[in-house]
Every structure is written in structure tokens, then in C-alpha cells.
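The values are calculated or read from the model by the stated rules, or taken from the named source; none is laboratory data. Values in this document were obtained by computation on a predicted structure and should not be read as measured data. Don't worry about glycine lacking a Cβ; one is built from the backbone with ideal geometry, like all the others, and counts go over all protein chains shown.
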Amino acid sequence: MQLVQRAEAAAFEVVYDRHAGAAFSLAYRMCGARPLAEEVVQEAFLSIWRSGARYDRRRGSVRTWILGITHHRAIDALRRGVVRNRHRASDEGIEERFEAGERTDVEVARREQALEVRGALERLPDDQRRAIELAYYGGFTQSEIAEMLGVPIGTVKGRMRLGMEKLRGVLGPPAEAEAIP
Amino acid sequence: MSERCDRRDTVGAYLLGALTEAERRAFETHLADCAPCREDAGELRVAADALLLAAPPVSPPAELRERLMETVHAEAAVLSAAGPHADSAPRAVGSGRRGRWRDWLERPFALAGAAAAVAAAGIALGLGLGSPTNSGGTRTVVAVRTVQGAVSGVASGRASGRGAASAVDPIARSGVTSRRRSSRGCNPGLRH
């Protein structure tokens with residue numbers, strides 16, 4: 001293998017090692033099953049490997065970019081599914097069961113950040129939080145959510161918007177995304 | 001914000017990925033013409049980005065890394081075997097994937113000052129928010145596969161049937177396809 005190709009592959013491994021944990025966490029949160037989460041993360045990173053030039057630093061940190069791709073792939077995967085189990089996947093104990101062996105500073109910071117955002121989400125009024133979670137983590141469309149909740153689409157949109165405005169107010173500008181490499 | 005648009009409430013649904021493909025495309029067309037909605041999307045983007053980071057930490061399995069890197073090294077080897085021409089086709093179609101790829105990898109991952117840049121780029125953000133991989137990714141993959149097809153003789157003569165592209169197709173190689181069939185009971189992992 002020529003040096004250039006070796007360097008490309010090695011650089012990609014570094015990217016994977018830095019961001020795969022966050023990507024897998026997101027995919028697992030959305031899919032609720034490890035096999036599908038693995039599929040989603042694999043698809044996301046392969047697309048990144050094949051189109052690395054698409055990253056544009058003006059659009060935010062590398063991590064946000066990678067997680068955005070992962071989120072998009074996970075939504076696609078969820079919407080491909082013929083049957084979606086709409087019961088809650090138990091999140092309790094996940095951190096204990098799958099916690100990485102090493103607690104690096106970066107990992108600690110990431111965990112704290114995740115806790116902060118989850119805390120902000122949980123402080124939203126239930127109807128707003130639920131609309132946001134169903135859409136963002138569940139991959140449901142606004143029409144599906146309206147049907148599930150038995151409310152007009154306009155109400156769903158309004159709840160999403162209000163919830164996001166509150167989150168933005170609590171979490172502030174995206175400086176935190178840059179603090180973690 | 002100077003004025004309100006009657007489609008303002010769709011901004012949140014758009015950023016959360018709650019639109020169908022058709023709705024998303026229609027709203028992106030609207031965003032191109034509606035400055036208040038673009039500004040709005042740039043501001044609320046903060047919340048959507050934060051949600052990306054909120055998942056409880058779960059470690060990916062080592063096998064995932066092994067599978068992925070096997071594919072990556074195989075594709076790098078095919079490109080390498082193709083020689084200098086391997087780079088020319090992706091550049092022509094995909095705007096120089098390899099050069100820029102290395103370029104941004106070599107940069108620090110913590111992009112100091114990017115927060116301000118993000119705020120300033122709110123308008124640009126508003127246009128491509130929901131689909132980071134939609135337009136470019138596919139095109140580049142096609143380019144790579146074209147290269148693989150062109151060098152199929154070099155790639156140990158595996159180019160038969162569906163061609164070299166399928167021979168190095170990572171999804172087929174990794175058994176993901178078969179898992180996909182059995183994973184339809186996926187769970188959105190909702191709290192309620």
C-alpha cells in the first residue's frame with residue numbers, strides 16, 4: 001500500500017477512536033438495540049471515510065458534524081423498519097453496564113456534557129420534551145407524532161419550537177461542542 | 001428578527017428531523033427565500049446540536065472497529081493499486097476527497113473560535129441542516145466505486161457479476177445486510 005493511502009487510513013482510525021463513543025451512544029439511544037446501532041455507526045463512518053471532504057469547519061466542530069451524520073443515518077434506519085417497537089427501552093443502568101474502561105478527561109467532560117443536556121431536556125414541560133424526543137431520538141415524523149399524541153400537527157410543531165427555544169436559552173451558544181476534541 | 005413568517009413553527013420540526021423527505025425538501029426551498037426562517041434556524045440549531053450530545057454513554061464493541069477498519073484498509077489498498085489515477089476521478093466528481101480529507105484530519109479537532117463562526121454562518125447552516133450526507137456522500141461513493149471498477153483487474157480479479165464495486169462493498173462484506181433483516185424490531189428508546 002502506498003504511503004498516502006496508509007496515512008489516510010491511519011488518520012481515519014484516529015477520527016474513529018475520538019468520536020465513535022459519542023456516535024455509538026447516540027445511535028444506541030435512538031435504535032435501542034446494539035446490532036442496529038452498530039449498523040448505523042458503521043454506515044456513518046464509512047460515508048465519512050468516503051467523503052471526508054464534505055466537512056466544512058464553518059458548520060461546527062468535527063464531533064457535531066459526525067454526530068449529525070450518525071443522527072441522519074439512524075433516522076433513516078428507524079424509518080426503514082417495518083415494525084417499530086414504541087415501548088420504552090430502558091436506559092437505566094446503561095452507563096454502568098457499558099461504561100468504557102478508561103475514564104479519560106475527554107470522556108469525563110463528554111459525560112458531564114451529556115448529563116447537562118439531559119437535565120435541560122428533563123426540565124422541559126412534559127408535552128414539549130415528549131414531542132422533541134419522539135422526533136429527534138425516535139425518528140418519528142410530525143404527522144406520526146400528532147397521531148400518536150392525538151393532537152393537531154400545529155400543536156406538535158408549536159411544542160417542538162417552544163421546547164427548542166427553552167433548550168437554547170438554557171444551553172447557550174455551542175461553545176461546549178468545541179471544548180471537546 | 002425583523003418579521004415573522006407563518007411557517008416559523010416548522011423550523012423546529014425541520015431541525016429535529018421530524019419532516020418527511022418531501023416536506024424537508026419543500027421547507028429547504030422555503031428557507032432559501034425566507035430570511036427570517038433562516039435566521040431562526042441558525043439560532044435554534046444550538047438546541048438541535050446539543051441534543052446530539054445528550055445520549056447516555058455506551059461503548060461501541062471492538063468488533064465494530066475491526067470490521068470498519070478492514071473495509072477502510074481494503075478500499076485504501078484498492079485506491080493505492082490503481083495508482084495516481086485513483087485520485088483523479090474522485091477529484092473530478094467529488095471535489096478532491098483525498099486531499100481535503102487529509103487536510104482536515106491534520107487540523108486540530110478542537111476548532112477554537114468556531115462558536116463565533118457558527119453564529120456568523122447561521123444562514124449557511126439553515127440551508128443544509130437536516131441532511132449532512134444527502135447530496136455529497138452518494139456522489140463520492142459512486143466516484144470511488146467507479147475507480148474500483150476501473151481497477152478491477154488489479155484488485156485480484158474479483159470483478160465479476162456485479163463488478164468490483166460489490167466485491168469491496170463493506171456492507172456486504174460485514175454481514176450488515178443480514179442483520180438488517182433481523183433488526184426490524186428496533187426501538188427508538190423513548191422515555192415514554
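Within segment B:1-55, being in contact with an Asp or Glu (Cβ under 7 Å, 6 or more places away or on another chain) and in a loop (DSSP other than H, G, I, E, B) holds for B:MET1, B:ARG8.
When the residues of segment A:112-152 are narrowed to those that are within 12 Å of B:LEU51 (Cβ to Cβ) and of a type in the set (Val, Ile, Thr), which ends up nearest to the other protein chains (Cβ to nearest Cβ)? The extreme case among them is A:VAL117.
Of all residues in segment A:10-31, those being buried (at least 24 other Cβ atoms within 10 Å of the Cβ) and at pLDDT below 90 number 0. Could you list, in sequence order, all residues of segment A:111-134 that are farther than 22 Å from B:ASP9 by Cα and surrounded by 20 or more Cβ atoms within 10 Å (Cβ to Cβ)? The answer is A:ALA114, A:VAL117.
Going by the conditions given, is B:ARG25 more than 17 Å from A:HIS72 (Cα to Cα) and either away from chain A (no Cβ under 11 Å) or not polar (S, T, N, Q) (or both)? For B:ARG25, the condition - more than 17 Å from A:HIS72 (Cα to Cα) and either away from chain A (no Cβ under 11 Å) or not polar (S, T, N, Q) (or both) - is not met. Being more than 19 Å from A:GLY60 (Cα to Cα), more than 7 Å from chain A (Cβ to nearest Cβ) and either touching a residue at least 60 places away in the same chain (Cβ under 8 Å) or surrounded by fewer than 22 Cβ atoms within 10 Å (Cβ to Cβ) (or both): is that true of B:GLU39 here? So B:GLU39 does not fit the description; no.
When you scan segment B:76-85, do you find a residue that is farther than 30 Å from A:MET164 by Cβ and modelled with pLDDT under 55, even just one?
yes
Which helices (runs of 4 or more DSSP H) sit wholly inside segment A:93-167 and have at least 3 residues that are in contact with a Leu (Cβ under 8 Å, 6 or more places away or on another chain) and modelled with pLDDT of 85 or more?
Of the helices (runs of 4 or more DSSP H) lying wholly inside segment A:93-167, those with at least 3 residues that are in contact with a Leu (Cβ under 8 Å, 6 or more places away or on another chain) and modelled with pLDDT of 85 or more span A:105-122, A:126-136, A:142-149.
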